[in-house]
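First comes the structure, then the notes that go with it.
The values are calculated or read from the model by the stated rules, or taken from the named source; none is laboratory data. The structure displayed is predicted, hence computed values, not measured ones. Note: accessible area is taken over every heavy atom of the protein model, side chains too, but ligands, DNA and RNA are not part of it. Shrake-Rupley method; radii C 1.70, N 1.55, O 1.52, S 1.80 Å.
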Amino acid sequence: YDEQCTYSHCVALVDDRDRWLEDFRKKGVQLGILIEYAVPYMRSYQTYKKGEYPQARSYAAKTINFPVWPGSKI
């Protein structure tokens, strides 16, 4: 922890994102979805795509972020 820095969230990869979101919602904590898309698969980038990008697609489906605030006990 560096007091000179600002932290907004903690990113995690999970296998069942919807379950995590729902479990924490029931506890009164809203988790976020940091990455909802994979750039190579977006329509405007299709002409630049040079292959398949399974990691990008996987991260788009598995990434969540935990909120971070002073005194947080998550």
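Descriptive notes on the structure:
- Relative contact order %, the chain, counting alpha carbon pairs below 8 Å whose residues are six or more apart: 47 percent
- Helix 17-26 axis, angle to the chain major axis (alpha carbon atoms, nearest 10°): 20 degrees
- Protein accessible area in the chain, 1.4 Å probe - carbon and sulfur %: 52 percent
- Accessible surface calculations at 1.4 Å, restricted to protein heavy atoms, place the chain at 83 Å² per residue.
- When shorter helices are ignored and each DSSP H run of at least 4 residues is given -39500 (n - 2.57), the per-residue value for the chain at 222 nm works out to -7500 deg cm²/dmol.
- Identified option (computed volume of the Cα convex hull per residue in Å³; candidates [x] 129; [y] 73; [z] 175): [x]
- Note, ³J(HN,Hα) from phi for region 29-34, Karplus 6.51, -1.76, 1.60, rounded to Hz, x at Gly and Pro: 10, 8, 8, x, 10, 6
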